[in-house]
Amino acid sequence: AVRVDNLEKGFPGCTNLDRETPTATDLELTRVMILQLKGLKAWLSEDPVRTEHFLRKSAALEDVLSYSYGPPVVQKPSHELYADWLLGQNRPTEALKEYQNTLKKAPKRSNALEGALRASEQLENTELALKFREQLDQNAT
């Protein structure tokens, strides 16, 4: 940001040079996406250690970024991406926790609710599965 003086209004303010100048948040979101891509590449290469490393790191970085309104820059929340991978690794307890982390920031996100439902079913937790099913049904109406 650059300090500018708004002479017409009589007060100084801060602004970006223009709308195209990346902010620190933009750069951090780019880092999240790079980590996700590295995780996806490792996933495709069937390297579970590197996959988990990159997906966990992207989720941790995304957690410290401030919430922004409007369309998401990162297309899939990192916790949800990590949870999808964990579920595929037959680790439903950990996956459920990651889906729930996603739902803290996006309470009605259908993809996270569907994943949490699948994890709950794998854990044979019918009460929790019913809760997620009801939330999904509410989304559909």
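Brief remarks on what is shown
- Partners for LYS131 among aspartates and glutamates (Cα-Cα distance below 13 Å; same-chain residues under 8 apart left out): GLU114, GLU121
- Computed from the Cα positions only, the extents of segment 71-141 along the three principal axes stand at 35, 32, 16 Å, in decreasing order.
- In summary, the aspartates and glutamates within cross-link reach of LYS105, defined as a Cα separation below 15 angstrom excluding same-chain residues under 8 places away, comprise GLU62, ASP63, GLU80.
- Per residue, the average separation of C-alpha pairs within less than 8 Å and at least 6 apart gives segment 59-141 a relative contact order of 22 percent.
- A simple count of charges around PHE54, restricted to other residues whose Cβ falls under 13 Å of its Cβ and scoring Lys, Arg +1 and Asp, Glu -1, yields +3.
- FRET efficiency for LEU40 and ASP137, using Cβ-Cβ distance with R0 set to 35 Å, rounded to 0.05: 0.70
- Comparing Cα centroids, segment 29-44 and segment 87-137 end up 23 angstrom apart.
- Candidate lysines for bridging to LYS38, where Cα separation is under 16 Å - those fewer than 8 sequence places away on the same chain excluded: LYS57, LYS76
- 3J(HN,Hα) from dihedral phi, segment 120-125, Karplus parametrisation 6.51/-1.76/1.60, rounded to Hz, x for glycine, proline: 4, 5, 5, 7, 6, 9
- Stretch gain in nm, segment THR25-SER110, where the contour uses 0.36 nm per residue and the Cα spacing is subtracted: 28.0 nm
Computed from the coordinates by the stated procedures, all read-outs in this text should not be read as laboratory data. Computed from a predicted structure; not experimentally measured. In this analysis, Cβ positions are derived from the backbone assuming ideal geometry, glycine residues included, and neighbour counts consider all displayed protein chains.
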